[in-house]
1. Pick from region 117-156 the residues that are surrounded by fewer than 10 Cβ atoms within 10 Å (Cβ to Cβ) and assigned to a helix (DSSP H, G or I): which of them is modelled with the highest pLDDT?
2. Kindly indicate which of Phe28, Phe20 is aromatic (Phe, Trp, Tyr), out of contact with any Ser or Thr (no Cβ under 7 Å at 6 or more places or on another chain), without any contact (Cβ under 8 Å) to a residue 12 or more places away in the chain and outside any helix (DSSP H, G or I).
3. Determine, yes or no, whether Glu79 is modelled with pLDDT of 95 or more, assigned to a helix (DSSP H, G or I) and either on the phi < 0 side of the Ramachandran plot or not charged (D, E, K, R) (or both).
Amino acid sequence: MALTPLEIRKKTFLTVLRGFAPKEVRAFLAIVANEFEELRKERATLAEKVDELSGKIANYEKTENLLKETLLTAQKVAEELRSSAEKERVIMIDQLKQETEKLHRDIQELLARRALIIDEIRGIATTYLAIVERFEKEHRDRIEAKDSGKCPGDKK
């Protein structure tokens, strides 16, 4: 049973011989009732504060959970970005390796073509040199034949 300040103020006691002085009892009950009333008011104020602080705590907990979720999401996104960047890096390295190998093959092919062209030029130059030498020999032969009085077509 909850006791109220009004019940304390209205409480009556039987009077008996050699009992307490009623005025003192009434004065004490008034003091107790006033103190009890103050305590109830303080309790109500504290209950309001508890409710207010509980609401704030709930808000803080929601904010904390939201921050945790945001942090986890940010960490997940960062990990995905790192993973994606790593995959891109691997792909780029593979592409660069393939391009490098192709360039090396192209260089080898160009060097082989260069060697063939140089050989062809050397062969053409040798042919032309042989033709020039033949013309020079024929020219010398004509000059010698002219000086010796023979025709170049005559037999010895």
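The values are calculated or read from the model by the stated rules, or taken from the named source; none is laboratory data. All values derive from a computational prediction rather than experimental measurement. Note that each Cβ is placed from the backbone with ideal geometry, even for glycine, and that neighbours are counted across all protein chains shown.
1. The extreme case among them is Asp147.
2. Details: Phe28 fails: outside any helix (DSSP H, G or I).
Matching residue, one of Phe28, Phe20: Phe20.
3. In short, yes.
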